[in-house]
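The values are calculated or read from the model by the stated rules, or taken from the named source; none is laboratory data. Quick caveat, the model's predicted, so the values are computed rather than measured. Using ideal geometry, Cβ is built from the backbone for each residue, glycine included, and neighbour counts are taken over all protein chains shown.
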Ligand SMILES: [Zn+2]
């Protein structure tokens, strides 16, 4: 195996192949062939800025994108309306909202009667798994995306997982995403009878929040219609204090982009 091939397969393994700028003409041809053979993609869209950028990235490859949002009983339900706006703004071919009420189990500050933490020290975010972790959330979200993808005869799934500027969730790590990709090929009729290869694309995996924002702006994402806060006011305004607000706000600052977020209290 040539070293360039190895690099490519390693990139594929963490689901970041097609969104990278091709380094050579041969890479560009391979990239184009990969795009051409795809019938479309299912993109998980939460209503936040990461998944909006992922949808825009997927759309920029010219494929039809079917947006999937999961209403899991999250405290910040306002994000579901944000997801509807994002799917329309970015031209999703279709959008489905699936309800799976994880409040039945609770166990997270997002689905149970547990206060959303306000980190004292922003630099400590990601060091330990916080109470906003929702047990097995990305496994559940990806399973639903996989089910819909199989029905649509699609093998590409996009998720806005990021392992930098994130809250330290275990199901955002590349080894988890690789394992899910393996599972998808074993778990489905498409993967077994038809020998289709599912791919989980997490193009933001190694991106900082400011890079995500800058790229999103280039792709025409309207971040003003996205929602990130875990603990919004009754009016849907961001708290400015939770992990997600802090990472979002710092991202806009570092990107040099005006933060369009509506905050409950001006600080
Ligand atoms: Zn917040």
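Things worth noting here:
- Residues that are out of contact with any helix residue (DSSP H, G or I) (no Cβ under 6 Å at 6 or more places or on another chain) and either farther than 21 Å from residue 116 by Cα or within 8 Å of the ligand (Cβ to nearest atom) (or both) within segment 216-238 comprise 217, 218, 220, 224, 231, listed in sequence order.
- Number of residues in segment 78-117 that are within 16 Å of the ligand (Cβ to nearest atom), part of a helix (DSSP H, G or I) and surrounded by fewer than 21 Cβ atoms within 10 Å (Cβ to Cβ) equals 1.
- Lone qualifier among 236, 216 - being in contact (Cβ under 8 Å) with a residue 12 or more places away in the chain and in a helix (DSSP H, G or I): 216
- Index of the failed condition, residue 193 passing every other in (1) within 16 Å of the ligand (Cβ to nearest atom); (2) more than 23 Å from residue 80 (Cβ to Cβ): (1)
- Qualifying residue in segment 175-183 (condition: in a loop (DSSP other than H, G, I, E, B) and either modelled with pLDDT of 95 or more or buried (at least 17 other Cβ atoms within 10 Å of the Cβ) (or both)): no
- Residue check, residue 171 closer than 18 Å to residue 250 by Cβ and either part of a loop (DSSP other than H, G, I, E, B) or more than 16 Å from the ligand (Cβ to nearest atom) (or both): no
- Single residue of segment 239-259 satisfying the filter (at negative phi and away from the ligand (no atom under 15 Å from the Cβ)) that is surrounded by the most Cβ atoms within 10 Å (Cβ to Cβ): 255
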